[in-house]
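Asks: One structure, pasted below without further comment.
The values are calculated or read from the model by the stated rules, or taken from the named source; none is laboratory data. This one's a predicted model, so the numbers in the text were calculated from it and none came from an experiment. Virtual Cβ from ideal backbone geometry, glycine too; neighbours counted across all protein chains shown.
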Amino acid sequence: MGIQPWMLLLLVSLARCSGKIQGMGPAYCSTHTHTHTHLRRVTIILMPRRGQRVCDLHRPGPPRCLPGHRSEGEPPEWLHMAVRLLAAIDDMNIVLVDWNRGATNLNYFTVVSNTRKAADNITSFIQKMEEDGASLASIHMIGVSLGAHISGFVGAKLKGQIGRITALDPAGPQFTGTPPEDRLDSTDAQFVDVIHSDMDALGFRKPLGHIDFYPNGGADQPGCPSTIFSGKEYFKCDHQRSVFLFLNSMNATCNITTYPCASYDDFLDAKCLSCPEFTPSGCPAFGYYTSEWKDTLLRLGQTSTYFSTTTKSPFCKTNYVVEMVTWNSEPRWATVTVKLHSKEAVTEARINHKASKFQQYKETRLLAQFDQDLHPIQRISLQFSSGNIVGPRYKLRLLRFRLEALELPDRPQLCRYDIVLTEKMEVSFRPIPCEDTNF
Ligand SMILES: [Ca+2]
Ligand SMILES: [Ca+2]
């Protein structure tokens, strides 16, 4: 993939500055002095952690940390991974700024008011780099939580000339409903991409960038605890998922395609499965490389886009479009489960976010999302439920069943004709390539 001329400015770890946290060598602290002579690309990462400090970056030598309190705690586990992945992409300078606080800290409001101070320091630091020959366009800031808004303040002070701001679940509390100058917005950099992963709690609900990703709808993430009895994890799991998703997008084990749409429900309803406005590149990819869609995204102004993930890294789902035509004379409403079998394995998609309508001779289009990519598919199993608890078992008479891999156009479309399904009874069949038939 092509590389944008970013400088990656990673926010300098306060921990590194103080040298108190193990595993954070002084190398990171000296990174920014190093950048003065090698100002090709800079990434700044603003990251959240317990405790709060502000680094004075505008002075020679290692950055100095302003007074502030820091609670105990190791650097987040993902930090080393972030640096490693970024460094593998290209030769770039990485500056880490860790100034943050725990999401549940009571001093949240003080911390919010300190974001301006942090932004001032980072702005001075960047201006110093600029004097030394760095171009603002080559700077990429990655801000987590409150760090996303700090990146926005820095960007605004630099008149929106920074190349890119990536916001990982930008903080919601205290920022929701504020005007653009008091939070991140799309004028703060030349390109602003945002991931919303906990918009119902710690994150921000409304779009803030040129492209806003809403994984799994943007509120709750699969694999994260859904009750408060899980303690600390309950508070941060959804919020932090944005970081892990973004890191995953850098090493390209699998690519996640996203679908611009009016809502996650519409996406699940298979209403947004093509991207004519993005021709010829297709629907935008999630994460680090989404900048390759930048020209179209800037032209469109703002794009909100959706996708679903699995519970664990690398998070990619395999998406299929299922089309069914019935000859039942009465319309039926049903949820559907589709299983795909290869020789060794089976993977399942439950299409149950709501009941789908089946109408005589009308094509019903469903989005089926599977955790595994099985190929070749040897058998398919289908089951439906109308939600009827008492009364007769309904039948669904299928004139045609068709399966199409959404992101793998080279895979053959699979069909089957004349299938009768009985409610809550699984039916399995061997699919046939659609082009071998006369339908
Ligand atoms: Ca702003
Ligand atoms: Ca949540």
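Asks: Among the residues of segment 262-270, is any closer than 18 Å to W293 by Cα, away from ligand 2 (no atom under 16 Å from the Cβ) and part of a helix (DSSP H, G or I)?
Replies: No, because not a single residue in segment 262-270 is closer than 18 Å to W293 by Cα, away from ligand 2 (no atom under 16 Å from the Cβ) and part of a helix (DSSP H, G or I).
Asks: Of the conditions (1) out of contact with any Leu (no Cβ under 8 Å at 6 or more places or on another chain); (2) within 16 Å of ligand 1 (Cβ to nearest atom), M141 satisfies every one except a single condition; which number is it?
Replies: Condition not satisfied by M141: (1).
Asks: Could you tell me whether any residue of segment 227-239 is modelled with pLDDT of 95 or more, over 24 Å from H80 (Cβ atoms) and either within 16 Å of ligand 2 (Cβ to nearest atom) or crowded, with 18+ Cβ neighbours inside 10 Å (or both)?
Replies: Taking segment 227-239 as the starting set, the residues that turn out to be modelled with pLDDT of 95 or more are none.
No, every residue in segment 227-239 fails to be modelled with pLDDT of 95 or more, over 24 Å from H80 (Cβ atoms) and either within 16 Å of ligand 2 (Cβ to nearest atom) or crowded, with 18+ Cβ neighbours inside 10 Å (or both).
Asks: Determine whether segment 204-211 contains at least one residue that is under 20 Å from the mean Cα position of the chain (by Cα), within 16 Å of ligand 2 (Cβ to nearest atom), under 24 Å from D120 (Cα atoms) and buried (at least 24 other Cβ atoms within 10 Å of the Cβ).
Replies: yes
Asks: Only one residue in T335, T347 is at pLDDT 95 or above, over 24 Å from the mean Cα position of the chain (by Cα) and outside the structural domain of A87 (by TED's automatic domain parsing). Which one?
Replies: One residue alone meets the criteria, T335.
Asks: Also, quick follow-up: How many residues, within segment 177-189, are in a helix (DSSP H, G or I) and among the charged types (D, E, K, R)?
Replies: 3
Asks: What about T253, is it assigned to a loop (DSSP other than H, G, I, E, B), under 17 Å from the mean Cα position of the chain (by Cα), of a type in the set (S, T, N, Q) and surrounded by 14 or more Cβ atoms within 10 Å (Cβ to Cβ)?
Replies: no
Asks: Follow-up. So which of G152, G143 is modelled with pLDDT of 85 or more, part of a helix (DSSP H, G or I) and buried (at least 24 other Cβ atoms within 10 Å of the Cβ)?
Replies: Exactly one of G152, G143 is modelled with pLDDT of 85 or more, part of a helix (DSSP H, G or I) and buried (at least 24 other Cβ atoms within 10 Å of the Cβ), namely G152.
Asks: When you go through (1) more than 13 Å from ligand 1 (Cβ to nearest atom); (2) at pLDDT 95 or above; (3) part of a strand (DSSP E or B) one by one for V192, which number turns out not to apply?
Replies: It fails just one condition, (1).
Asks: Also, quick follow-up: Looking at the structure I just gave you, is G172 under 18 Å from the mean Cα position of the chain (by Cα) and away from ligand 1 (no atom under 16 Å from the Cβ)?
Replies: Criteria not met by G172.
Asks: For segment 195-216, which residues satisfy the criterion of being part of a loop (DSSP other than H, G, I, E, B) and either in contact with a strand residue (DSSP E or B) (Cβ under 7 Å, 6 or more places away or on another chain) or not assigned by TED's automatic domain parsing to the domain that holds F267 (or both)?
Replies: Passing the criteria: H196, S197, L202, F204, P207, L208, G209, H210.
Asks: Now for a different question. Could you please find all residues in segment 303-338 being free of Cβ contacts under 8 Å to residues at least 60 places away in the same chain and farther than 25 Å from C261 by Cβ?
Replies: S329, E330, P331 - these are the residues of segment 303-338 that are free of Cβ contacts under 8 Å to residues at least 60 places away in the same chain and farther than 25 Å from C261 by Cβ.
Asks: While we're here: Take the residues of segment 155-193 that are without any contact (Cβ under 8 Å) to a residue 60 or more places away in the chain and within 16 Å of ligand 2 (Cβ to nearest atom): which is surrounded by the fewest Cβ atoms within 10 Å (Cβ to Cβ)?
Replies: Looking at the filtered set, the residue picked out is T176.
Asks: Spot the failing condition for H80; the list is (1) crowded, with 17+ Cβ neighbours inside 10 Å; (2) closer than 27 Å to F286 by Cβ; (3) at pLDDT below 75, and only one is missed.
Replies: (1)
Asks: Right, something else. Among (1) of a type in the set (S, T, N, Q); (2) over 23 Å from L86 (Cβ atoms); (3) not in a loop (DSSP other than H, G, I, E, B), which single condition is Q174 missing?
Replies: (3)
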